Amino acid sequence: MSNETLDTRPRTCAQAIEGMALAFNPGQAGDLEAIIQFHVSPSTAPKAGGEGGGDWYLTIAGGQCRCERGVAAEPTLTITTPADVWLAIARKELSGAKALMTGQYKAQGKMALLLKMDNLFSRPITEADIAARGWREEV
């Protein structure tokens, strides 16, 4: 057994967005019902390895959160971002507020929901969560 601490930060933007459902904190949501749409453009940053883009959305309802690929019919909030920017935000290497204010990503819809995201997705992701998703093997 190793004494190394497992790095539970996402390795890809897809993991970052899909991991938000795992990090969902129902105690912070109350009776919130919302859909957060992500439109992710491919990364062009060399250190991001040219990660591809895609569309995902998070549905929050009934104290639960689920993530699906695709485009939601009527999102409450839409985030449009390059993959490397959202990954850096998820890894806490970049301030989400600063990135928004400097135009590194865009948000449309209920901005109050955007402001609540740090609290809504505050449950620490565990080694068991990572193993269950098979993320440890991804490089």
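The values are calculated or read from the model by the stated rules, or taken from the named source; none is laboratory data. All of these numbers come straight from a predicted model, not from anything done at the bench. We place every Cβ from the backbone using ideal geometry, glycine too, and count neighbours over all the protein chains shown.
Quick notes
- In the stretch 68-83, residue nearest to Ala16 (Cα to Cα) [restricted to those that are touching a helix residue (DSSP H, G or I) at 6+ places or on another chain (Cβ under 7 Å) and at pLDDT 95 or above]: Leu77
- Against the conditions (1) in contact with a helix residue (DSSP H, G or I) (Cβ under 7 Å, 6 or more places away or on another chain); (2) over 17 Å from Glu18 (Cβ atoms); (3) modelled with pLDDT under 95; (4) not small (Gly, Ala, Ser), Leu87 satisfies every one except (2).
- For the stretch 9-23, a tally of residues being assigned to a helix (DSSP H, G or I) and hydroxyl-bearing (Ser, Thr, Tyr) returns 0.
- Glu51 under 26 Å from Pro124 (Cβ atoms), at pLDDT below 95, part of a helix (DSSP H, G or I) and touching a helix residue (DSSP H, G or I) at 6+ places or on another chain (Cβ under 8 Å): no
- Within the stretch 63-108, the set of residues being touching a residue at least 12 places away in the same chain (Cβ under 8 Å) and at positive phi comprises Gly63, Gly70, Lys92.
- Those strands (runs of 3 or more DSSP E) lying entirely in the stretch 55-123 with at least 1 residues more than 15 Å from the chain's Cα centre (by Cα) and surrounded by 12 or more Cβ atoms within 10 Å (Cβ to Cβ): 106-109
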